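> What follows is a structure written as structure tokens; I'll ask about it next.
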């Protein structure tokens with residue numbers, strides 16, 4: 001009969017065979033490619049989920065926990081929303097672009113979701129939100145559908161996509177910190193993977 005130590009040593013590590021570490025953001029061409037695929041396939045829910053994930057810059061656990069009230073309190077998508085982050089307990093605001101609002105409205109019309117209900121549900125029933133694992137599987141499917149290696153990307157890739165683009169275009173680290181809901185600027189620096197070369201590239205664009 002094996003003891004507890006032997007059982008522990010035989011158990012495989014959770015990350016065996018997986019690529020761990022920071023997942024890279026998607027490029028704009030990847031975002032549009034996935035949107036096009038989802039539109040052509042008529043995957044109304046997935047398109048709304050993908051667009052909201054990109055716009056909101058939320059962690060996966062917060063994306064799946066969204067309720068209709070958060071983004072469409074009157075039954076149609078609003079321009080800006082505020083949600084409380086599970087990890088920090090702090091509220092964070094995000095914009096909802098026109099194309100995202102349209103995809104959310106289309107989804108609400110098809111699904112019949114109303115205020116008070118979870119926006120995205122899975123196989124567990126209408127009163128239970130999509131799980132983070134189900135969300136991660138969907139992201140892998142979206143990534144693979146455009147020919148990218150799903151092992152290299154993840155749900156954090158969607159969170160980082162717009163934030164990274166905003167930083168590269170503006171160099172405004174404080175703005176990105178607020179949009180991501182980070183409490184410390186150092187967290188944003190690490191999250192974006194900012195290096196000295198990035199800072200120099202921004203500085204070179206400024207003449208004085």
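The values are calculated or read from the model by the stated rules, or taken from the named source; none is laboratory data. None of these values were measured; they are calculated from a predicted model. Methodologically, a virtual Cβ is constructed for each residue, glycine included, from the backbone with ideal geometry; neighbour enumeration extends over all protein chains shown.
> Please specify each residue of region 158-178 satisfying the condition of being surrounded by 11 or more Cβ atoms within 10 Å (Cβ to Cβ), more than 30 Å from residue 132 (Cα to Cα) and at pLDDT 85 or above.
Result: 170, 172.
Residue by residue, here is whether (1) at pLDDT 95 or above; (2) surrounded by 15 or more Cβ atoms within 10 Å (Cβ to Cβ); (3) within 22 Å of residue 191 (Cβ to Cβ) holds:
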position: 80; (1), (2), (3): yes, no, no
position: 87; (1), (2), (3): no, no, yes
position: 99; (1), (2), (3): yes, no, no
position: 108; (1), (2), (3): yes, yes, no
position: 120; (1), (2), (3): yes, yes, no
position: 125; (1), (2), (3): no, no, no
position: 138; (1), (2), (3): yes, yes, no
position: 144; (1), (2), (3): yes, no, no
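> Within region 42-64, identify whether any single residue is at pLDDT 95 or above, over 26 Å from residue 177 (Cα atoms), in a loop (DSSP other than H, G, I, E, B) and out of contact with any strand residue (DSSP E or B) (no Cβ under 6 Å at 6 or more places or on another chain), and answer yes or no.
Yes, there is a match, as at least one residue in region 42-64 is at pLDDT 95 or above, over 26 Å from residue 177 (Cα atoms), in a loop (DSSP other than H, G, I, E, B) and out of contact with any strand residue (DSSP E or B) (no Cβ under 6 Å at 6 or more places or on another chain).
> Further question: When residues of region 99-123 are filtered for being more than 18 Å from the chain's Cα centre (by Cα), free of Cβ contacts under 8 Å to residues at least 40 places away in the same chain and not in a loop (DSSP other than H, G, I, E, B), how many remain?
Number of matching residues: 3.
> Looking at region 179-196 only, could you name the residues that are modelled with pLDDT of 85 or more and assigned to a loop (DSSP other than H, G, I, E, B)?
Those that are modelled with pLDDT of 85 or more and assigned to a loop (DSSP other than H, G, I, E, B): 181, 182, 183, 184.
> Of (1) in contact with a strand residue (DSSP E or B) (Cβ under 8 Å, 6 or more places away or on another chain); (2) part of a helix (DSSP H, G or I), residue 127 satisfies all except one. Which?
(2)
> What number of residues in region 41-73 are farther than 14 Å from residue 155 by Cβ and free of Cβ contacts under 8 Å to residues at least 40 places away in the same chain?
The qualifying residues number 3.
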